[in-house]
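Data block below; observations after.
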Amino acid sequence: MALQFYFGPSGSGKSKRLHQDVLHMAAKDPDCNFLFLVPDQFTMQTQMDLVKESPGGGIMNIDVLSFGRLTHRIFEETGYGRKPVLDDTGKSLVLRKVASSVKENLPVLSGNLNKIGYIHEIKSAISEFKQYGLSVERVGELAEFSKSRGTLYYKLKDLKTLYQAFDAYVAERFITTEDTLALLSRAVHESKIMKNSVVIFDGFTGFTPIQYRLIAELMELSRMVIVSVTLGEGENPYRIMGEQELFYLSKKTVRDLQKWAQKRNVRQAEDVYLGKGGLPRFRESRELAHLEKQLFRYPLKPYEDSQKDSIPAIQIREAMSPAGEVRGACILIKKLVLEQNYSYRDIAVVTGELETYGDFFEREAATYDIPVFIDRTRGILLNPFLEYIRSALRIVLQNFSYESVFHYLRSGLADFTMEETDLLENYILATGIKGRKKWGELFTRNATEQLNELRERLYGQMTPLLQKQERASDYVKALYEFIVAGRIQEKLLIFEEKFRADGEEEQAKEYAQIYRLVMELLNQIEGLLREEAMTLQEFADILDSGFAEIEVGTIPGGVDRVIVGDMERTRLNQVKVLLFLGVNDGNIPRNANKGGIISDIDREFLKDSDIELAPTPRQQMFTQRLYLYMNMTKPSERLYLSYARISSDGKTLRPSYLIDTVKSDGG
């Protein structure tokens, strides 16, 4: 039982040294299991690196895992976790159901339950409680702590009521994603894989309380737990000055792990410090090496070097608009590849506003024939298939109102041409026809045979949804019959092929996934709520909650491509050139969210309780500097920062404080 830290600045080779040491230990002790845990995005890359660095070209007793994959492995071995896992979509479905049953006991939240996205916010709050190990009782304690702040007190009381109802519903049937780690903390004690193993954590910036508890169990069971921590040269990992420190999050991680080790009587092995003799990543760039040492450190020492590089390693660029920034970035990438022998995989792009810059990059990259991978997922609420389903249900719920009927007919999937829809709409407007009864009878007032044929076609399409239903499973079956009768899968395939032919790959991938995702949602509703009695309105609300959770993502289509990602979420590896776009106020530092059930002001107040929640906006701002440091020290040869003068909607923008910081640094 031991805990060991590997400390080093960004670029010091912590991962490489860990790979070498683990490979050496694994070869020396082939009967020991080595579990190498990394963030999800790093598992495949870490496996490749270990195999390449292994003298024998294999890693027989080394497993590269994420928290999720570790959970799966241990549950498979021990037989724990037999209950179905409730993912985010499932949680929203259950919350929608239980919220309707306790609505009368929710004085503050009940008025917003039918707003699109509100159940998602409640789900996020409950997920946060679970991630931070808060029981229903602890949420009640938070509410009591907030008695002096009226609205917050009642919000927390409502959340406690929902949390309690949610837990009661899932208790004997399912397990949530967050609860799997709590269950894993018990399961590891029955695992032969874990006993006397060596567990390594690499690439993490910190852990949640529930993850700390699991790591504490692993400390007791394993031979050694090794954790890599990003820390500047000369920094004392055991001395915390305050949240304003650049490496506060790293030091907090060390402090928290130490506390758990002391509670479990786990000894601490000698620390490994890297980077004292210079950083391997910046051997070819004095400017980037200087930036790593000086960024966000005070007092700041400007860069002074008589041997100026012929091409500056750090450059700042200005553009008129975000679109202009992206266009300039594409031109630069093309020059680097065609004129300076870089590969596309040597180049990466990050931004603090991926929603804006990702869309621009998708279009411009196609124009310049640059292979890119936009590292993001996106919601599909506006997809025509979802609009087709929602508008069809609305026809029944609103008794064939004018708005619902023609929203459905214009969804693009209803088998009505634009001319037919216009003809029918003009007739309905002229005659004022509305209601199921009128649509179910022959049109007689100046009606042509074609108009009645259109009426019959529409009414026939609605037939599966017009039958009286009582349970969730009945509604699922009726909706499935409606979708199949409409030949939606065939139509979506035609859309997919059209988008692919037009070079709109991301749209094509969305249409390739959407049918399967909706069928999976219907299967979840069937599995979770099969025998539950409900109205059509409740079923439609549950569907909307599920639709709001569906996101489509893509995986890289090839090895040689430029990654475009978010500065906090995206993990980069072996990048020579980094382009940092959108370095404007509002993006860096990122504007506080101001959303969520528990507001930013609420979080600042709750920080003074003894119950830990997700970081406050102030803490997030300090943490963001660590992400900036890690991104800006990621490239080994060149760093480009750019900002826009005018936003996409014509508003004046200011450069971020980061621009002046880098200028002061002399880069």
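What is the chain's relative contact order, in percent, from Cα pairs under 8 angstrom and six or more apart in sequence?
Dividing the mean separation by the residue count of the chain yields 21 percent.
What accessible area per residue comes out for the stretch 45-109, rounded to a whole number of Å², with a 1.4 Å probe?
Details: 3210 Å² over 65 residues.
On a per-residue basis, the stretch 45-109 sits at 49 Å².
Per residue, what volume in Å³ does the convex hull of the Cα atoms of the chain enclose?
On the way: hull volume 126.9 nm³, N = 667.
Looking at the chain, the number lands at 190 Å³ per residue.
So what's the convex hull volume per residue for the Cα atoms of the stretch 461-573, in Å³?
On the way: hull volume 15.6 nm³, N = 113.
Convex hull volume per residue, Cα atoms: 138 Å³.
Using a simple charge model, +1 on the beta-carbon of Lys and Arg, -1 on the beta-carbon of Asp and Glu, nothing else, what dipole does the stretch 514-667 show about its Cα centre, in debye to the nearest 20?
Numbers: 18 positive and 23 negative charges, 255 e Å.
The dipole of the stretch 514-667 has a size of about 1220 debye.
So how tilted is helix 150-170 from the main axis of the chain? Cα-based, degrees 0 to 90, rounded to 10.
Helix 150-170 sits at roughly 80 degrees to that axis.
Return the Cα extents of the stretch 11-75 along principal axes one, two and three, sorted largest first, each rounded to a whole Å.
32, 31, 17
Nearest 10 degrees, 0 to 90: what angle lies between the long axis of helix 88-101 and the longest principal axis of the chain (Cα atoms)?
50 degrees
So, for the stretch 580-667, what is the accessible surface per residue at a probe of 1.4 Å, expressed in square angstrom? Could the numbers behind the result be given before it?
Values: 3840 Å² over 88 residues.
Per-residue value: 44 Å².
If you roll a 1.4 angstrom probe over the protein chains with everything in place, what fraction of the accessible area of the stretch 442-524 belongs to carbon and sulfur, to the nearest %?
C and S fraction of accessible area: 50 percent.
For the chain, with only Lys/Arg (+1) and Asp/Glu (-1) charged at the beta-carbon, what is the dipole magnitude about the Cα centre, in debye rounded to 20? Don't skip to the end; give the middle numbers.
On the way: 88 positive and 95 negative charges, 276 e Å.
Dipole about the Cα centre, nearest 20: 1320 debye.
As an exercise, find the ratio Rg/Rh for the stretch 280-401 from alpha-carbon atoms, using the Kirkwood inverse-distance average for Rh. Write out the running numbers ahead of the final one.
Details: Rg = 22.7 Å, Rh = 18.8 Å.
Reported Rg/Rh (Cα atoms, Kirkwood Rh): 1.21.
How far is helix 136-145 tilted off the main Cα axis of the chain, in degrees rounded to 10, range 0 to 90?
80 degrees
Amide H of Arg317: which non-local residues (sequence gap of 5 or more, or other chain) have their own amide H closer than 5 Å, using H built in the peptide plane?
Leu641, Ser642, Tyr643
Be a star and scan the stretch 516-543 for residues whose amide nitrogen sits under 17 Å from the point 7 Å along the Cα-to-Cβ vector of Ser127.
Residues 521 qualify, since their backbone N sits under 17 Å from the label point.
Calculate, axis by axis, the spread of Cα positions in the stretch 389-438 along the three principal axes, and write the results as whole Å, longest axis first.
Result for the stretch 389-438: principal-axis Cα extents of 27, 26, 14 Å.
So for the stretch 144-280, considering every pair of alpha-carbon atoms, how many percent are separated by more than 18 Å? Mind showing how you got there, number by number?
On the way: 6372 of 9316 pairs.
Within the stretch 144-280, distances greater than 18 Å cover 68 percent of Cα pairs.
What area, in nm² and to one decimal, does the C-alpha convex hull of the stretch 103-184 cast on average over all directions? List each step's numbers first, then the result.
Working: hull surface 23.0 nm².
One quarter of the hull surface, i.e. the mean projection, equals 5.8 nm².
Just reorder Thr161, Thr367, Thr351 by solvent-accessible area, largest first, 1.4 Å probe, all chains present. Mind dumping the intermediate values first?
Working: Thr161 40, Thr367 105, Thr351 0 Å².
The most accessible residue leads, giving Thr367, Thr161, Thr351.
Charges only on Cβ, +1 for Lys and Arg, -1 for Asp and Glu: so what's the dipole of the stretch 149-226 about the Cα centre, in debye to the nearest 20? Working shown, then result.
Details: 10 positive and 9 negative charges, 39 e Å.
So the magnitude is around 180 debye.
Can you put Lys195, Lys651, Lys468, Lys155 in order of accessible area, largest first, using a 1.4 Å probe?
Working: Lys195 95, Lys651 135, Lys468 175, Lys155 35 Å².
Listed by decreasing accessible area, they come as Lys468, Lys651, Lys195, Lys155.
Count neighbours as other Cβ atoms within 10 Å of each site's Cβ, and list the GluC sites (Glu not before Pro) in the stretch 442-506 that are DSSP loop with at most 15 such neighbours. Don't jump to the answer; show the numbers that get you there.
Numbers: sites: Glu449, Glu453, Glu456, Glu470, Glu481, Glu490, Glu496, Glu497, Glu504, Glu505, Glu506; in loops: Glu470, Glu504.
Of the GluC sites (Glu not before Pro), the ones in loops of the stretch 442-506 whose Cβ has at most 15 other Cβ atoms within 10 Å are Glu470.
How long, wide and thick is the stretch 7-134, going by the Cα atoms along their three principal axes, in whole angstroms, largest first?
Here the spans come out as 66, 39, 23 Å, largest first.
The values are calculated or read from the model by the stated rules, or taken from the named source; none is laboratory data. If you're wondering where the values come from, they're calculated on a predicted model, not measured in any experiment. Neighbour counts are summed over all protein chains in view; Cβ atoms, including those assigned to glycine, are modelled from backbone coordinates with ideal geometry. For accessibility, only protein heavy atoms count, side chains too; no ligands or nucleic acids. Shrake-Rupley method; radii C 1.70, N 1.55, O 1.52, S 1.80 Å.
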